[in-house]
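In what follows, a single structure is set out as structure tokens and then discussed.
The values are calculated or read from the model by the stated rules, or taken from the named source; none is laboratory data. What you are looking at is a predicted structure, and each value in this text was computed from that prediction instead of being measured. Neighbour counts are summed over all protein chains in view; Cβ atoms, including those assigned to glycine, are modelled from backbone coordinates with ideal geometry. What goes into the accessible areas is simple: the full protein's heavy atoms, side chains included, and nothing from ligands, DNA or RNA. Shrake-Rupley method; radii C 1.70, N 1.55, O 1.52, S 1.80 Å.
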Amino acid sequence: MNGILEIKDLRVEYRTRSIGQAPKVALKGLNLSVKQGEVFGFLGPNGAGKTTTMNVLLGFVNATAGAAYLFGVNVNEPIARQRIGYLPELTYYYKFLSADELLRFYARIFGIPRSETNRRIDELIKLVELEHARHRPIKTYSKGMQQRVGLAQALINNPDLLILDEPTSGLDPIGRMKVREIIQRLKNEGKTVFFSSHELGEVETVCDRVAILYQGELKVEGRVNDLLQKYQTNLEQIFLKIIGYPQQVNS
Ligand SMILES: Nc1ncnc2c1ncn2[C@@H]1O[C@H](COP(=O)(O)OP(=O)(O)OP(=O)(O)O)[C@@H](O)[C@H]1O
């Protein structure tokens, strides 16, 4: 096992409440490996199984078969998640708190010593460019600013691996660019970033490798540069081709 995130033959079935109805198969034997220091784009149309995969990594959903490992530890063991940071697709914060207060709250949850907390929060507020709004309630923030608070929160424990579920969804081009820049800075610091996204132009710019999931199955995995070279087109067109829209590829 040489990845810090490894998924082996992962199958997830959701049981339905109706008697006699077959379970919904969300993942059909997924294999994936993400290496230290990579920015990895996890792609797929709505319902492909991306969030389910992340939920297994986070311990929210159990594998029906197969297994997933973080830093070589099976995700069934909570300690596997000690070195990760997670940003869900939808974040719900105490909106009456400021970014500063929110980060202090999470620092306390992680048991970070007070002396280190100040330094860490200063660093994170700077990284996500919220110095000007640090003491304002989050409810006064734009969506982009709220997303950047979320990123800061995901980083409070100085994780080695970040799992981000559609970190740029709903952001304007400036908001997306800022998140992209933060991901790039994290990469430069040696962090590993595993994120799902529908913004393929962005993924093409920031990712080292991508995987395309479709109906619970891995269709393609590879280095972005290799895929662009192989298909002689951009990632969006490759994506459409892989999921079965060849007419759009040729248009
Ligand atoms: N709790 C659940 N119970 C039953 N089916 C579920 C549940 N969660 C997800 N599914 C189904 O599993 C499949 C995969 O869903 P998932 O949310 O993992 O996809 P996704 O790739 O993250 O989609 P999106 O891009 O829309 O977020 C879908 O068919 C979805 O309807």
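To the nearest 10, the accessible area of Leu240 is 30 Å² with a 1.4 Å probe. Here r is the Cβ-Cβ distance between Glu189 and Lys24 and R0 is 45 Å; the resulting FRET efficiency, rounded to 0.05, is 0.70.
Would you compute, from DSSP H runs of 4+ residues alone, the mean residue ellipticity of the chain at 222 nm, taking -39500 (n - 2.57) per run and dividing by the full residue count, rounded to the nearest 500? The partial results should precede the final answer.
Details: 9 runs with 89 residues, N = 251.
One gets -10500 deg cm²/dmol as the mean residue ellipticity at 222 nm.
Which whole-number percent is the relative contact order of the chain (Cα, under 8 Å, 6+ apart)? Please list the in-between numbers first.
On the way: 459 pairs, mean separation 61.4, N = 251.
The value is 24 percent.
Give the carbon-plus-sulfur fraction of the accessible surface of the chain in %, rounded to a whole number; probe 1.4 Å, heavy atoms of protein chains only. Answer for the chain: carbon and sulfur cover 48 percent of the accessible area. Binning the C-alpha pair distances of the chain at 10 Å intervals from 0 yields a P(r) profile of 7, 29, 34, 22, 8, 1 %, listed from the shortest bin outward. Please check the chain for the longest run free of chymotrypsin sites (Phe, Trp or Tyr not before Pro) that are loop-located per DSSP (anything but H, G, I, E, B) and have at most 10 other Cβ atoms within 10 Å. So the longest stretch without any such site is 97-251.
Across the range 65-181, Cα pairs under 8 Å and at least six residues apart give a relative contact order of 36 percent.
On alpha carbon coordinates alone, what is the Rg over Rh value for the range 165-248, Rh being the Kirkwood radius? Let's see the in-between values first.
Numbers: Rg = 13.3 Å, Rh = 13.7 Å.
Answer for the range 165-248: 0.97.
A DSSP coil position with no more than 14 other Cβ atoms inside 10 Å describes the following trypsin sites (Lys or Arg not before Pro) in the range 6-82: Arg15, Arg17, Lys35.
A straight line joining the Cα centroids of the range 81-136 and the range 174-228 runs 24 Å. Name the residues of the range 187-206 whose amide N is less than 19 Å from a point 7 angstrom out from the Cα of Lys230 along the C-beta direction? Under cut-off, by backbone N: 200-201, 203-206. Here is the list for the range 156-200: GluC sites (Glu not before Pro) lying in DSSP coil, each with at most 16 other C-beta atoms within 10 angstrom of its C-beta, are Glu189.
For the chain, what does the accessible surface come to per residue with a 1.4 Å probe? Please give it in Å².
On the way: 12490 Å² over 251 residues.
Accessible area per residue: 50 Å².
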